[in-house]
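Read the structure below first, then the notes.
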Amino acid sequence: MPLEPRLTDRVEAGGRPPLLVWRLPAPLRAISSAPLGGGLGMRQWVINATVPMSYRRDDPDRHLVDLAADLGLAGPGIGLLTGVDVTEVVAREDDGVRVWATVGLGAPIWAADDPGREPPPSDDKGRVGTVNIVAFVPAPLTDAAMVNAVATVTEAKAQALRELGLPATGTATDAVAILCPPGQPAEPYGGPRSRWGAPLARAARSAVRDGGAVPCVPWSVRQGIGR
């Protein structure tokens, strides 16, 4: 099943910010933490859209619905947002599993931290801190295996950050979407030593590590648009 995203753009925020669009040839089962189309269900498309660092909308789901309509996308889908220039997406494949990551590590955090710790000072360079991961597993997974697959991707991301020398497990705005075909029999496991969890972990680790090894300059900073 071909799932290569298409790169396009739109007129917005005083420029033409890019976005990646996956138009699925058939509906897929999905699990996601995205602001649009999160949770479990059948999905027909995925968007990963660049926004300026000045982005302050409190209705990102509505924004993504509008973007989908402008693109002619119908039915339920998944929408993600990032300050990363999505033209720099990193794609990796391992044993039929596909992973695409847009990696911004300008605001790394530990998942569990001292609640009394002061937040880091704002960065006047507008460094972006969001890791968005879209993954496709070419076999049906049970609901439990899909939840397990999200944990596997997250563990692989944390491993990549460790290898990059960052004292962090991610950023505060990371999001993930995992898709698989419907059908039976469904694989019951998605952990890092399972049939499909193992290649998923390897592909996610490679995508995040390689994407994070390159300095990330936000799209809006490159364009000279307000952060």
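The values are calculated or read from the model by the stated rules, or taken from the named source; none is laboratory data. Keep in mind it's a predicted model, so treat the numbers as computed, not measured. Note that each Cβ is placed from the backbone with ideal geometry, even for glycine, and that neighbours are counted across all protein chains shown.
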Restricting attention to the range 185-202, and to residues there that are in contact with a helix residue (DSSP H, G or I) (Cβ under 8 Å, 6 or more places away or on another chain) and assigned to a helix (DSSP H, G or I), which single residue is surrounded by the fewest Cβ atoms within 10 Å (Cβ to Cβ)? Arg202
Checking the condition outside any helix (DSSP H, G or I) and of a type in the set (Ser, Thr, Tyr), which residue from Thr173, Thr154 passes? Thr173
It is to be established whether one or more residues within the range 49-60 are surrounded by fewer than 21 Cβ atoms within 10 Å (Cβ to Cβ), in contact with a strand residue (DSSP E or B) (Cβ under 9 Å, 6 or more places away or on another chain) and among the aromatic types (Phe, Trp, Tyr). yes
Please specify each residue of the range 18-52 satisfying the condition of being part of a loop (DSSP other than H, G, I, E, B), out of contact with any Leu (no Cβ under 7 Å at 6 or more places or on another chain) and modelled with pLDDT of 95 or more. Ser33, Gly37, Gly38
Is it the case that the range 104-125 has a residue that's small (Gly, Ala, Ser) and crowded, with 23+ Cβ neighbours inside 10 Å? yes
Can you name every residue in the range 5-17 that is more than 30 Å from Ala144 (Cβ to Cβ) and part of a loop (DSSP other than H, G, I, E, B)? Arg10, Val11, Ala13, Gly14, Arg16, Pro17
Looking at (1) buried (at least 24 other Cβ atoms within 10 Å of the Cβ); (2) under 14 Å from the mean Cα position of the chain (by Cα), which is the only condition Val137 fails? (2)
Name the single residue that is nearest to Ile47 (Cα to Cα) among those in the range 174-194 being in contact (Cβ under 8 Å) with a residue 60 or more places away in the chain and more than 13 Å from the chain's Cα centre (by Cα). Cys180
Hey, among the residues in the range 159-173 that are within 12 Å of Trp110 (Cβ to Cβ) and in contact (Cβ under 8 Å) with a residue 40 or more places away in the chain, which one's surrounded by the fewest Cβ atoms within 10 Å (Cβ to Cβ)? Pro167
Any chance the range 115-124 includes a residue that's modelled with pLDDT of 90 or more and among the small types (Gly, Ala, Ser)? no
Given the options Arg43, Arg23, name the one that is basic (Lys, Arg), within 30 Å of Asn148 (Cβ to Cβ) and either surrounded by fewer than 18 Cβ atoms within 10 Å (Cβ to Cβ) or out of contact with any Pro (no Cβ under 8 Å at 6 or more places or on another chain) (or both). Arg23
Which residues, counting only those in the range 210-225, are assigned to a helix (DSSP H, G or I) and out of contact with any Lys or Arg (no Cβ under 9 Å at 6 or more places or on another chain)? Gly211, Gly212, Trp219, Arg222
Considering Ala149, Ala168, which residue is assigned to a loop (DSSP other than H, G, I, E, B) and at negative phi? Ala168
Only one of Gly190, Gly211, Gly183 is touching a Gly at 6+ places or on another chain (Cβ under 8 Å) and at pLDDT 95 or above; which? Gly190
